[in-house]
Every structure is written in C-alpha cells, then in structure tokens.
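Asker: My structure is below; once you've seen it, I'll send some questions.
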Amino acid sequence: MSCGWRSQLRYRADRAVNNRTFDIIRGGTEKKRASRDVVVGDIVILYSDDVVPADIVVLATSNADGSCFVETAQLDGYNLSCSISCSISCSIS
C-alpha cells in the first residue's frame, strides 16, 4: 500500500473520530459538541460503551461505589480494562 493511500485512510479515520458528538457542559450549559471542540474545563458526559474523546478526570459514575471500567485498546493497542474509582470527587456535593 502506498504512503499516500495510508495517509488518506488515516485522514478519513481521524475525521470520523473528531466528528463524534458528545454531551458537554460548558459554562453551565449542556450541549452536544463534536469531540474536536472539547476544550480544557469542559465536563464530558459519557455513557456505557462511549469512546473517551480526550484525556479526562472521572468526577462521578452511576455506580454506587464510584467505579467505572475503561478499555485501553484505543490508547495502547492492548485489549485491557482497568477499574477507576472516583471516591474523593464522588463525596463532594
């Protein structure tokens, strides 16, 4: 496969990822935005099986113990899952 063709395929894949929409809270207002428009300070609302659009800090989950599971295959190429607990921020009211 030629380098130019691989670049074109990568461009298309990046464009698809950057155009995915997410529920974002910015300035107290919730709105659907493309992942390319996520900026520092936005609150990103994620649902089960969503792709994470950026580096994030988990503030809360729907699980009573504050845990969530993140599959890291998109990040590192391995099909691993890790559990994250947000007990500190979950106790903030």
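The values are calculated or read from the model by the stated rules, or taken from the named source; none is laboratory data. Every value quoted in this text rests on a predicted model; they were computed, and no experiment measured them. Because the Cβ atoms are built from the backbone with ideal geometry, glycine has one as well, and the counts that use them run over all protein chains shown. Remember, those area values only see protein heavy atoms, side chains included, never the ligands or the DNA or RNA. Shrake-Rupley method; radii C 1.70, N 1.55, O 1.52, S 1.80 Å.
Asker: Confirm whether Ile24 is of a type outside the set (S, T, N, Q) and at pLDDT 80 or above.
Answerer: When the stated conditions are applied, Ile24 passes them.
Asker: In the stretch 7-50, which residue that is closer than 24 Å to Asn63 by Cα and in contact (Cβ under 8 Å) with a residue 24 or more places away in the chain is surrounded by the fewest Cβ atoms within 10 Å (Cβ to Cβ)?
Answerer: Going through the qualifying residues, I end up with Asp50.
Asker: Please find, among Ser83, Ser62, the residue that is outside any strand (DSSP E or B) and at pLDDT below 85.
Answerer: Ser62
Asker: Still on this structure, please answer the following. Within the stretch 66-73, identify whether any single residue is open to solvent by 70 Å² or more (accessible area, probe 1.4 Å) and at pLDDT 65 or above, and answer yes or no. If you could, list the steps in order and put the result at the bottom.
Answerer: Quick first cut of the stretch 66-73, residues open to solvent by 70 Å² or more (accessible area, probe 1.4 Å) only: 69, 71.
Then keep just the ones that are at pLDDT 65 or above; that gives 69, 71.
Yes, the stretch 66-73 contains at least one residue that is open to solvent by 70 Å² or more (accessible area, probe 1.4 Å) and at pLDDT 65 or above.
Asker: Which pairs have Cβ atoms under 8 Å, sit 6 or more apart or on different chains, and link a residue in the stretch 59-72 that is of a type in the set (A, V, I, L, M, F, W, C) to one that is modelled with pLDDT of 80 or more and surrounded by 12 or more Cβ atoms within 10 Å (Cβ to Cβ)?
Answerer: Going by the 8 Å Cβ cut-off, the qualifying pairs are Leu59/Ile43; Cys68/Val58; Cys68/Thr61; Val70/Val52.
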